[in-house]
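For reference, the structure is listed below as structure tokens.
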Amino acid sequence: MSTLIAEFQKNTRERVRVSLTEYGGYKLVDVRAFYEDACTGEWKPGKGLTLRRELLPNLKKALLLAERAAKSENASQDA
């Protein structure tokens, strides 16, 4: 079973989906790029990252650090 939490457009041909899933008794979070199959028009899974849910705070912290670094980099380039 998979529960879609969020989805956003990555580019003109891909979307990113964040889902909660379970596999082998483990509760997981899945962040994956999906692409549209040119023949069928179906959205199919591509590359992604799957983590145990208890690692979400670590991922959140890493993403916040990346966001701060990107903002700082952009600010220094604008100066």
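Rounded to the nearest 20 Debye, what is the dipole magnitude of the chain about its Cα centre when Lys and Arg each give +1 and Asp and Glu each give -1 at the C-beta?
The dipole of the chain has a size of about 260 debye.
In this structure the amide hydrogen of K10, modeled in the peptide plane, comes within under 5 Å of the amide hydrogens of R15, V16, none closer than 5 places in sequence on its chain. From the coordinates of this entry, volume of the Cα convex hull per residue in Å³ is computed, and it appears in (i) 234; (ii) 112; (iii) 84 under the label (ii). Evaluating 6.51 cos²θ - 1.76 cosθ + 1.60 at θ = phi - 60° for every residue in the stretch 25-33, the Karplus couplings come out as x, 9, 8, 10, 10, 10, 10, 9, 7 Hz, glycine and proline recorded as x. Taking the chain as the reference, fit the longest principal axis to its C-alpha atoms, fit the long axis of helix 56-78 to the helix C-alpha atoms, and give the angle between the two in degrees, 0 to 90, nearest 10. That helix lies at roughly 40 degrees to the long axis. The calculated 222 nm mean residue ellipticity attributable to helices in the chain amounts to -10000 deg cm²/dmol, summing -39500 (n - 2.57) over DSSP H runs of n ≥ 4 and dividing by all residues.
Each value in this text was obtained by applying a stated rule to the coordinates, not by laboratory testing. The model shown is predicted, which means the values in this text are computed figures rather than measured ones. With ideal geometry, Cβ positions are generated from the backbone for all residues, glycine too; neighbour counts draw on all protein chains shown.
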